[in-house]
Amino acid sequence: MTLRSEEVRDPQCKAECRDSIVAIVGNPNVGKSVLFHRLTGRYVTVSNYPGTTVEVCKGGCQLKDKSLCVIDTPGMYGLNPFTEEERVARRLLKEAKPDLVLHVVDAKNLRRMLPLTVQLIEAGFKVVLVLNMMDELERAGMSVNTRALSEKLGIPVAPTACIVGRGVCGLQDIIHEQLRS
């Protein structure tokens, strides 16, 4: 799939969302599309195997006084693309110039996923780290000190379990706050 900049900032998305663009990024199977649904109300069909269509889904939502265009990107492991999915996601970040990037990670595999967080920060994106699947982390008897992680990275960290909606309201408050600053 070739992604053109007009596809990212298409008139329909811009008409729905006059204020800000928020991109959802992360590895495959971390809950990006579930979060997209929680924010926009739109369902996304997800396939995470080679040869499937690479698709970027967009949806609008109203968040307090902000009208947002939310973009759900294909899974990626880093900003140096190896797969077509990663190329599309990277190109989208470059061309859409989102006002905020939500990096969704599997909280159980945080150590493996933080390198992309650092890459996004170093690339100059305004980032919120979304620690998803916190319910699974807790069932495994583990925990994360989100305050210390936030201080270490210098970005907001939002613990969630998107599949059941836990933490989504707090994440929405963080999104709103980040878009105001």
(request) Please turn the phi angles of segment 155-168 into ³J(HN,Hα) values with the Karplus equation 6.51 cos²θ - 1.76 cosθ + 1.60 (θ = phi - 60°), one per residue in order, whole Hz, x for glycine and proline. (result) 9, x, 10, 10, x, 9, 9, 4, 4, 10, x, 5, x, 5
(request) Could I have the simple spin-label model distance between N80 and A123, label points 7 Å from Cα toward Cβ, reported in nm to one decimal? (result) 1.4
(message) Nothing charged except the Cβ atoms of Lys and Arg (+1) and of Asp and Glu (-1): what's the magnitude of the dipole of segment 108-181 about its Cα centre? Round to the nearest 20 debye.
(response) 140
(message) Taking amide H atoms as placed 1.01 Å from N in the peptide plane, list the residues 5 or more away in sequence, or in a different chain, whose amide H sits under 5 Å from that of L63.
(response) L68
(request) Starting from the exponent 0.38 and prefactor 2.2 Å, build the expected Rg for segment 59-98 from its residue count and divide its actual Cα Rg by it. (result) 1.39
(request) Compute the distribution of all C-alpha to C-alpha distances in segment 114-181, in bins of 5 Å from 0, and list the percent of pairs in each, rounded to whole numbers. (result) 4, 16, 24, 26, 20, 8, 2, 0
(request) Quick one: pull the percentage of alpha-carbon pairs in segment 92-141 with a separation above 15 Å. (result) 48
(request) With a point put 7 Å past each Cα toward its Cβ, work out how far T146 is from E177 in nm, to one decimal. (result) 1.1
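Length gain on complete extension for the stretch Q62 to R166, per 0.36 nm per residue less the alpha carbon to alpha carbon distance? Provide the component values of the computation, followed by the final result.
Values: separation 104, 0.36 × 104 = 37.44 nm, distance 1.94 nm.
Full-extension gain reported as 35.5 nm.
Coordinate-derived values only; no laboratory data. Given the structure is predicted, the values throughout are model-derived calculations rather than measurements. Cβ: placed from backbone, ideal geometry, glycine included. Neighbour counts: every protein chain shown.
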